[in-house]
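Below is one structure; the comments refer to it alone.
The values are calculated or read from the model by the stated rules, or taken from the named source; none is laboratory data. None of the values given here were measured: they were computed from a predicted structure. Here Cβ is always computed from backbone atoms with ideal geometry, including for glycine, and neighbour counts include all displayed protein chains.
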Amino acid sequence: MTQAVITSRYGDWEPVIGLEIHAQLGTQTKLFCACETSFGDPPNVHTCPVCLGLPGALPVLNRQAVKMAIAASLALGCKVHEKSIFARKNYFYPDLPKGYQISQFDQPLATGGTLDIEADLGARTVGITRVHMEEDAGKNIHGDQHSRVDLNRAGTPLVEIVGEPDLRSPAEARDYMRRVRDVLIFLGVNDGNLEQGSFRCDANVSVRKPGASNFGTRVEMKNINSFRFVEEALDGEIHRQIRLIERGEVFKQQTRGYNADKKHSYLLREKENEDDYRYFPDPDLPPLVIETRLITEQRESLPELPADKQRRYTKELGLSDYAAGVLTAHPATARFFEATVATGATAERASNFIGAEILRDLKTDGLDAQFPVSPEQLGALLALVEAGTISGKQAKKLYGDVAGTDRDPASRAKELGMEVMRDEGALEKLVGEIVSKNAKQAEQYRAGKTKLLGFFVGQLMKATRGSADPELANALLRAALEQDTKDR
């Protein structure tokens, strides 16, 4: 899509968008204490003096969280600094027990990354300002008469990924958010669970005339945990700002929430600036000093990232862009596909069967995935198709029979009497009967509606329960229909 097409959606205005993505690191314990990080447990059971902010309790940094944050930074092309500083970000919310959040400010963990996206304007590179570590707040639970606070999440380790204001449409913001998530889940440092809040973003947006160098008044859309919602929220906010400006109204920098059910935003507060947070180095935490050796180790241990994997699938394995995208939507799916190909199955056949059958029955929970069959079972099943032992239709039936079991597809096919029917005499007899029973369709085929051959193939497959050899079936049906024409 061209810039002109995008601009026309918002009249004579250009959106300027930057996302701040908050991703929970997949550690077993919190950032500064040994309390468990878990979701769905009873309120306030995973708390201690440290994450409750009790006097005299001292934080101790989680080494595993640091390693995960380094990996995320490197995968996003950032420079990891050997020295960074934890700071106190002061603000007062009921779910922030200390009255401040431990974060990083003027000396973050990493800076200067990039990420490639492909949305409205085609392939583009988006800048990443910084990646820093911080602890999460708790959760306010509002009822009809009372509000309660659950501090299980307080102190959970996060990385905040601050993007440059390089995005120019809500669709680009959606694609950028999705691609950051893909990177993190392939690293295994985040489970990508938007519903549980372990991956969410704040979206900053303003509008200006195309070609202008200055930014407009920025509005932050807070805590959006859906790809669809970030696109909807930004689109609505862009239109709201344009209406205000064109009416001659002036609005201040502010923070707004988004109601996905009603599809509108609402004012939360006038936006704070850095001075309002009164940042200063946390006196209880020394500077974070990272050895070059640790950075090198994390760089060398980075897995193949989804964009690289997609390119390899298309260039080396000959898959379509769509198929490569489907297979790299979850790291477990990519591993399953590659393990299936390792059994000897062709990449195209494995990709087609996984996309059409396996993913329909796949169950995922964060980074965990439960497949209906093993890669070895699928490889054995596809080998039967490749050898011509069973047809594609029979393969689907056989898959349904072995799914959820440890049965061997080849043995089970024999038990079920599955075998491709290649008896030409028997098939010719069935073909004659089918053509006779469907005389009207046969006449239409002879009159030029050759697409009806598929109808006859379907009838033959139905009569043979999918066992007829497809190539032979097509040849015999075509010969029977055309022979009748010659006889005339």
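Go through segment 442-485 residue by residue and tally those that are of a type in the set (Gly, Ala, Ser), modelled with pLDDT of 80 or more and either more than 14 Å from Val431 (Cβ to Cβ) or not in a helix (DSSP H, G or I) (or both).
So the count comes out to 3.
Restrict the check to segment 402-424 and report whether at least one residue is within 16 Å of Arg478 (Cα to Cα) and modelled with pLDDT under 90.
yes
What's the number of the only condition in (1) in contact with a strand residue (DSSP E or B) (Cβ under 9 Å, 6 or more places away or on another chain); (2) part of a loop (DSSP other than H, G, I, E, B) that Gln64 fails to meet?
Here Gln64 meets the rest and fails (2).
Looking only at strands (runs of 3 or more DSSP E) that lie completely in segment 154-269, which have at least 3 residues being of a type in the set (Val, Ile, Thr) and assigned by TED's automatic domain parsing to the domain that holds Val45?
Once the strands (runs of 3 or more DSSP E) in segment 154-269 are filtered for at least 3 residues that are of a type in the set (Val, Ile, Thr) and assigned by TED's automatic domain parsing to the domain that holds Val45, what remains is 157-163.
Using the structure shown, decide if Ala69 is assigned by TED's automatic domain parsing to the domain that holds Tyr279, surrounded by 15 or more Cβ atoms within 10 Å (Cβ to Cβ) and touching a Pro at 6+ places or on another chain (Cβ under 6 Å).
no
So is Asp261 closer than 30 Å to Lys79 by Cα and surrounded by fewer than 16 Cβ atoms within 10 Å (Cβ to Cβ) or not?
Taking the combined requirement at face value, the residue does not satisfy it.
Just one of (1) of a type in the set (Ser, Thr, Tyr); (2) in the same structural domain as Ser84 (by TED's automatic domain parsing); (3) crowded, with 20+ Cβ neighbours inside 10 Å trips up Thr292, so point out which.
Here Thr292 clears every test but (3).
Could you grab me the full set of residues in segment 400-427 that are of a type outside the set (Lys, Arg), part of a helix (DSSP H, G or I) and surrounded by fewer than 15 Cβ atoms within 10 Å (Cβ to Cβ)?
Gly400, Ser411, Glu415, Glu424, Gly425, Ala426
Of all residues in segment 200-235, which are buried (at least 24 other Cβ atoms within 10 Å of the Cβ) and under 25 Å from Leu302 (Cα atoms)?
Cys201
Only one of these is of a type in the set (A, V, I, L, M, F, W, C), without any contact (Cβ under 8 Å) to a residue 60 or more places away in the chain, under 21 Å from Arg181 (Cβ atoms) and surrounded by 14 or more Cβ atoms within 10 Å (Cβ to Cβ): Leu319, Leu359. Name it.
When all the criteria are applied, what remains is Leu359.
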